[in-house]
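The structure appears below as structure tokens.
The values are calculated or read from the model by the stated rules, or taken from the named source; none is laboratory data. Values in this document were obtained by computation on a predicted structure and should not be read as measured data. Cβ coordinates were reconstructed from backbone atoms using ideal geometry, including for glycine residues, and neighbour counts include every protein chain displayed. These area figures cover heavy atoms from the full protein model, side chains too; ligands, DNA and RNA do not enter into them. Shrake-Rupley method; radii C 1.70, N 1.55, O 1.52, S 1.80 Å.
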Amino acid sequence: MAEPSVSVVLLTARRIPFLLDCLQSIAEGSLAPAEAVVVLTDPADGTREALAGWQGPFALRLIEAPAGSGYAEARNAGAAAAQGELIASIDDDCLADRHWLRRLVEALREADAVGGGLLPAEELPSPPDLTPDQAWLAGLYPPDFWGPLGGRVALPTTANLAFRKAVWERHPFQEIGARFGQSGGADYDAGREDAQFWRALRRAGLRAELAPRALVWHRIPKDRLRFSVMADRAERDGRAHWRREHPREDLAAAASDLAQAPLRLARDLFDPALTSGQALRRHKIWTRRQAAFLGAAVDDFGPDGISPPKRLALLLREGRNGLLGHAKAALRPAAARAFHALRQPRPVPSPADPPRRALVVCYNWLGDAVLTLPMIGQLKKAFPACEVSVLCGPTAAEIYRGAPGADQVVELPRGLTGRRPRHIRAVAEAVARARPDVIVVTYFHQAPPLGLYTATDAPVICWNRENGFAQQYATDFAAVRVHKLEGKAEAASLLNLLAPMGVAPVPQRPRLAIPRDAQARADALLERCGLAGRPFAAIHADDPARFKSWPTERWAALARWLIEEKDLPVVFTDMREQRGEFEAMNLPPDGAFGLHGLLKPLELGAIHRRARVCLGTDSGPQHIAQAVGAPTVILFGPSDDRVWGPQPRLPGEDHAPPFRVVRGAPWDWLPEETRGFAINEHMLRITVEQVKAAVEELLSASGGEVVNR
């Protein structure tokens, strides 16, 4: 297959020496483009004459920016003139690394748009009060670009950006009206066209990825690091942000930054990592940026903007919230220290001092219970003489009863999420009955946590976040808070909760044993449907979480295709009553069977063990399907499939349950990127054809035999 043709597009004005160096660096690269389109924003600056004798490994085309245009309009003109299938953007004051274009093109094989890395071309005399997070105002990337926030909060710029031309044709740079002056410079109040472009691609569900090793070296004028220059650029960025996106959801955040500015400054002044000069500079620049943003919203008062009185109300409200928030943040650590001093919990057990009794807390979701199984098994293996109890709700209790490693199940009442004394007392009594030497909290899901700490002096181990505690104080009160790693499989992360006890994590996948009686009941239901010994597909379309729901008509279309095209009868395994929706699908009665409300969790697993393929959203039933070894196709919404998806084959495994993940949109959308979307927008972007393709691939990979486990 022939490699796609590549065009490089860049804007220029009155920087002929820089432009020549930029073009030469591209020419010396390991991959040459087919052409470079140079957009002249000041046609009378002599650039055309300077390039008249150009000789290089690629064609050079010069066009003039449209009359009365600005950055977005000029970039669109350059992209429209480009003849390549791929377009790479660079600034005329940049130098391309030798492998810059090659690495962008390689990244575009799997992406629709790519942002490369940006570094200074020369050593800069950094002012002593400059902090790295201000680098974006000088035309460089802040440290966040190179971390998990890269491409989400810290965005690439047109100084190093590449995209498919077909993508640009659907999502051109947003033109909001700006024009270049006589010097070729445009109104920066209409800047941020690259940020808006990147966000538009993400909102469209396209693959916008980073390629940090595709480097460009930026020539930064030394005076750009002066406070006055950076503050001016920050103000213009604030105005441009409002003009481009009218993000009303950001108004409260801007008002909060302004109203709480003295508190934030005081916090920074006491930060040992900052000098007083750095704290003041950071404070002044960001305050001016947010004030300009709010000012632009007031200037645009109307359907999108806000009135001056409403701005004042926002400032007062956010000031009050800031005072309360800072007071709570200051009091929580003091309260936690006082609590530990008064309570004096026992030491955390270890192999030298093993626990006699351990309590694992997992209340109450089905998928969470399945994912916790490897951790409980490893706890028991590390301390064989320890009695392991599990505190959970009734749904999860069935998963834990009979699970390897769980000696006792302590069941909390259904719906125990209140904060009343009787709720706290119920938790305390359950904990007291377990008499633990250590408590490991996996998920608590807003059950009242105070009972964990009042019933015993056993040390509590939990994650530093995402453990379901309704209030932060419950995490602060824990004896040990384990840092949760980003992007790691949840079942593997759970094993890290045992590290404070000296237990080395050994990767394992959740496995669920199905008792004979549960299998017998499930087989009787299949026989009633005429499916005993026959291949069939299991669909679990019930999902109480609205943000994970896939439209009923799409489930119906998928089921009809399985029945008619793949010769697979379909069993709907929804555990709640969904009979009305099932009947509305109008599926062939001899090919579709509803077991709505008839299956308990283990019986659901027994059905999955017999299924040729299981389909559903990212939820407990699909974790059960994987835990019993069933081939699964999982529709993923806003959750991260790296964390919540099935694990591929682990070290030492000969076989892993086959699976395919279907995703319709990026999992890492930010709130401001989902403005105006339906609550289940991620799911709505999954098409029936995508799921069909995943099923076809899975069936082909795992063979055609009936699976009997």
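Across the stretch 163-169, in residue order, what do the Karplus-derived ³J(HN,Hα) couplings come to in whole Hz, using 6.51 cos²θ - 1.76 cosθ + 1.60 with θ = phi - 60° and x for Gly and Pro?
Here the 3J(HN,Hα) series is 7, 6, 5, 4, 5, 4, 4 Hz.
Divide by every residue of the chain the summed helix terms, -39500 (n - 2.57) for each DSSP H run of at least 4, and state the resulting mean residue ellipticity at 222 nm, rounded to the nearest 500 deg cm²/dmol.
-12000 deg cm²/dmol
Given a cut-off of under 8 Å on Cα pairs at least six residues apart, what relative contact order in percent is computed for the stretch 75-155?
17 percent
Give the long-range amide H neighbours of Leu412: residues separated by 5 or more places, or on another chain, with amide H under 5 Å away, using H modelled in the peptide plane at 1.01 Å from N.
Distant-sequence amide H within range of Leu412: Cys392, Gly393.
Let me know the charge dipole size of the chain about its Cα centre in debye, to the nearest 20, where only the beta-carbon of Lys, Arg (+1) and Asp, Glu (-1) is charged.
Working: 87 positive and 84 negative charges, 508 e Å.
Using only the charged Cβ atoms, the result is roughly 2440 debye.
What order do you get for 363-373, 35-45 when each peptide is scored by the mean count of other beta carbon atoms within 10 Å, highest first?
Numbers: 363-373: 24.8, 35-45: 20.5.
Ranking the peptides 363-373, 35-45 by packing returns 363-373, 35-45.
Relative contact order for the stretch 615-709: what is it in percent, counting Cα pairs under 8 Å that are at least 6 residues apart?
28 percent
Please express the shape of the chain as an equivalent ellipsoid: the semi-axes are the square roots of 5 times the eigenvalues of the C-alpha gyration tensor, given largest first in whole angstrom.
Computed over the chain, the values are 51, 35, 23 Å.
So if we plug the beta-carbon distance of Ala273 and Glu689 into 1/(1 + (r/R0)^6) with R0 = 41 Å, what FRET efficiency do we get, rounded to 0.05?
0.20
Could you work out the local net charge near Arg282, counting Lys and Arg as +1, Asp and Glu as -1, over the other residues with Cβ closer than 14 Å to its Cβ?
My count for the surroundings of Arg282 gives +1.
Cβ under 12 Å from Phe227's Cβ, Phe227 left aside: what net charge do those residues give with Lys, Arg +1 and Asp, Glu -1?
Result for the neighbourhood of Phe227: +4.
Determine which residues of the stretch 10-33 fall in the zone a paramagnetic label at Ala121 would reach in this model, i.e. backbone nitrogen under 15 Å from the point 7 Å along Cα→Cβ.
Flagged as within label range: 10-29.
So who's got an amide H within less than 5 Å of the one on Phe301, skipping anything under 5 residues away but keeping other chains? H placed 1.01 Å off N, in plane.
Distant-sequence amide H within range of Phe301: Ile306.
Where in the stretch 469-501 does the amide nitrogen come within less than 20 Å of the point 7 Å from the Cα of Arg343, taken along Cα to Cβ?
Within reach of a label on Arg343, which here means backbone N under 20 Å from a point 7 Å along Cα→Cβ, the stretch 469-501 contributes 469-484, 497-501.
Using Cα atoms only, what is the angle between the long axis of helix 227-245 and the major principal axis of the chain, expressed in degrees (0 to 90) to the nearest 10?
60 degrees
By how many nm would the segment from Leu324 to Arg207 lengthen if fully extended, with 0.36 nm per residue of separation less the alpha-carbon distance?
So the chain would gain 38.1 nm between Leu324 and Arg207.
For the ranges 672-679, 225-232, what's the packing order if you count other beta-carbon atoms within 10 Å of each residue, average per peptide, and put the highest first?
225-232, 672-679
Keeping the other protein chains in place, figure out the carbon and sulfur percent of the accessible area of the chain, with a 1.4 Å probe.
Carbon and sulfur atoms account for 53 percent of the accessible area of the chain.
For the chain, find the longest principal axis of its Cα atoms and tell me its angle to the long axis of helix 366-382, 0 to 90°, nearest 10.
With rounding to tens, the tilt is 70 degrees.
What number comes out for accessible area per residue over the stretch 423-549 if the probe is 1.4 Å? Units Å², please.
That works out to 41 Å² for each residue.
What is the local net charge at Asp21, summed over the other residues whose Cβ is closer than 11 Å to its Cβ (Lys, Arg +1; Asp, Glu -1)?
-1
How far apart, in nm, are the 7 Å Cα→Cβ label points at Asp223 and Asp654?
7.4 nm
How big is the stretch 316-413 by the Kirkwood estimate over distinct Cα pairs, in Å? Intermediate values should be presented prior to the final figure.
Details: mean 1/r = 0.0617 Å⁻¹.
It is 16.2 Å.
For a protection proxy built on the mean count of beta-carbon atoms within 10 angstrom, sort 281-293, 638-650 highest first, please.
281-293, 638-650
When the dipole is taken about the Cα centre of the stretch 629-709, and only Lys, Arg (+1) and Asp, Glu (-1) are charged at their Cβ, what size is it in debye, to the nearest 20? Spell out each step's value before the answer.
Values: 8 positive and 12 negative charges, 26 e Å.
Roughly 120 debye for the stretch 629-709.
For the chain, what is the relative contact order in percent, using Cα pairs closer than 8 Å and at least 6 residues apart in sequence?
Result for the chain is 9 percent.
At Val661 and Ala470, where each label point lies 7 Å from the Cα along Cα→Cβ, what is the point-to-point distance in nanometres?
Those two pseudo-labels are separated by 3.2 nm.
From the square roots a ≥ b ≥ c of the eigenvalues of the alpha-carbon gyration tensor of the stretch 1-156, which class results: rounded (a/c under 1.5), prolate (a/b over b/c), or oblate?
oblate
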